[in-house]
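Asks: Please read through the structure below; I'll follow up with questions.
The values are calculated or read from the model by the stated rules, or taken from the named source; none is laboratory data. Keep in mind that what you see is a predicted model, and the values were worked out from it rather than measured. Here the Cβ positions follow ideal geometry from the backbone for every residue, glycine too, while neighbour counts run over all protein chains shown.
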Amino acid sequence: MRVVLIGPPGAGKGTYSEYFTKKYCIPHISTGDIFRAEVAKKSELGLKVKEYLDRGELVPDEIVVEVVKRRLSEPDTKRGFILDGFPRTIKQAQELEKITPLDAAIHIYISEEEAVRRLSNRYVCPVCGRVYNLTYNPPKNDLTCDYDGAKLVRRSDDEPEVIRRRYQVYYQTFSPIIEYYKEKRLLVEIDNTIGSDKGIPLLERILVDKGILRIKPCVT
Ligand code: ADP
């Protein structure tokens, strides 16, 4: 199952990835995670990309493509992979085709309003760092931490205006990529307004029916 995963903030990309990587033993490859790890290690690559990450700019295509190419040559990708955060440009998508064929580009989407509703419900304890969600795991008492009673706060990037901005920026970048895969007839879309509990089995079914998911689970 060689797929690219596309989804705006709050859509549930992380939950979907975790399900498929665990059940089918395929790696989740996030270029953002790779770069952050290299920066933390202060490796040669890390030093090269640090300035781009610090400024929130895209790392040049040649560097990203090389990193992905190397990662996809590792043996754990033999059964497949889930690529996340790549490709981000048409050039990257074209280069990816030279590295490996893809079975699908999966677009998990929710509306901007739904993203705001989901993410603005997230609160953290400024003292112990525990994360709450008013819908999914609310604190026992109104906006105070269950463990130390501190007043919970919202992270600055979970403020509604910031969520809207992140959502729009996401689609500014990824809309051309979505179009690209649509034209190649590789696009599979799932509306995750129904929630991951229902959306995951639905997607799994679609992938099997379309012959995209052909490997057997590695744990039963
Ligand atoms: P964000 O933090 O924007 O949600 P990521 O965690 O995917 O995104 O990536 C963090 C940073 O790593 C990006 O801001 C960018 O500098 C770099 N990066 C990750 N993936 C790519 C890519 N495919 N092309 C160019 N730069 C990338």
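Asks: Out of the residues in the stretch 11-65 meeting the condition of being touching an Asp or Glu at 6+ places or on another chain (Cβ under 8 Å), of a type in the set (A, V, I, L, M, F, W, C) and within 11 Å of the ligand (Cβ to nearest atom), tell me which one is farthest from Leu207 (Cα to Cα).
Replies: Val49
Asks: To continue, here is another question. If I ask for residues that are among the acidic types (Asp, Glu), modelled with pLDDT of 95 or more and exposed (fewer than 12 other Cβ atoms within 10 Å of the Cβ), which ones from the stretch 29-56 would you list?
Replies: Within the stretch 29-56, Glu44, Glu51 meet the criteria.
Asks: Something else about it: Has the stretch 98-110 got any residue that is without any contact (Cβ under 8 Å) to a residue 60 or more places away in the chain and outside any helix (DSSP H, G or I)?
Replies: Looking for residues that are without any contact (Cβ under 8 Å) to a residue 60 or more places away in the chain and outside any helix (DSSP H, G or I), one finds none in the stretch 98-110, hence no.
Asks: Quick one: is Ala115 under 28 Å from Ile29 (Cα atoms), in a strand (DSSP E or B) and not charged (D, E, K, R)? Give the derivation first.
Replies: Values: under 28 Å from Ile29 (Cα atoms): yes; in a strand (DSSP E or B): no; not charged (D, E, K, R): yes.
So Ala115 fails the test.
Asks: Here are Val116, Val124: which of them is modelled with pLDDT under 95, of a type in the set (A, V, I, L, M, F, W, C) and in contact with a strand residue (DSSP E or B) (Cβ under 7 Å, 6 or more places away or on another chain)?
Replies: Val124
Asks: Contact list please: Cβ distance under 6 Å, first residue in the stretch 56-76 and in contact (Cβ under 8 Å) with a residue 40 or more places away in the chain, second residue within 11 Å of the ligand (Cβ to nearest atom), pairs at least six apart or on different chains.
Replies: From residues that are in contact (Cβ under 8 Å) with a residue 40 or more places away in the chain, the pairs are Arg71/Ile29.
Asks: Can you pull out every residue in the stretch 105-131 that is small (Gly, Ala, Ser) and either within 15 Å of the ligand (Cβ to nearest atom) or touching a Phe, Trp or Tyr at 6+ places or on another chain (Cβ under 8 Å) (or both)?
Replies: Ala105, Ala115
Asks: Take the residues in the stretch 166-199 that are farther than 29 Å from Glu57 by Cα and among the small types (Gly, Ala, Ser); name whichever of them is surrounded by the most Cβ atoms within 10 Å (Cβ to Cβ).
Replies: Result: Gly199.
Asks: Now for a separate question. List the number of the failed condition for Arg88; all other conditions in (1) in a helix (DSSP H, G or I); (2) within 16 Å of the ligand (Cβ to nearest atom); (3) in contact with a helix residue (DSSP H, G or I) (Cβ under 9 Å, 6 or more places away or on another chain) hold.
Replies: Going through the list (1) in a helix (DSSP H, G or I); (2) within 16 Å of the ligand (Cβ to nearest atom); (3) in contact with a helix residue (DSSP H, G or I) (Cβ under 9 Å, 6 or more places away or on another chain), Arg88 breaks only (1).
Asks: Going through the stretch 120-167 one residue at a time, which ones are acidic (Asp, Glu) and in contact with a Lys or Arg (Cβ under 8 Å, 6 or more places away or on another chain)?
Replies: Within the stretch 120-167, Asp146, Asp157, Asp158 qualify.
Asks: Another question about this same structure. I'd like to verify a number: residues in the stretch 139-177 that are part of a helix (DSSP H, G or I) and without any contact (Cβ under 8 Å) to a residue 24 or more places away in the chain, how many?
Replies: The number of residues fulfilling the criteria is 8.
Asks: Hey, another quick one. Can you pull out every residue in the stretch 64-100 that is among the hydroxyl-bearing types (Ser, Thr, Tyr) and within 18 Å of Ile26 (Cα to Cα)?
Replies: Ser73, Thr77, Thr100
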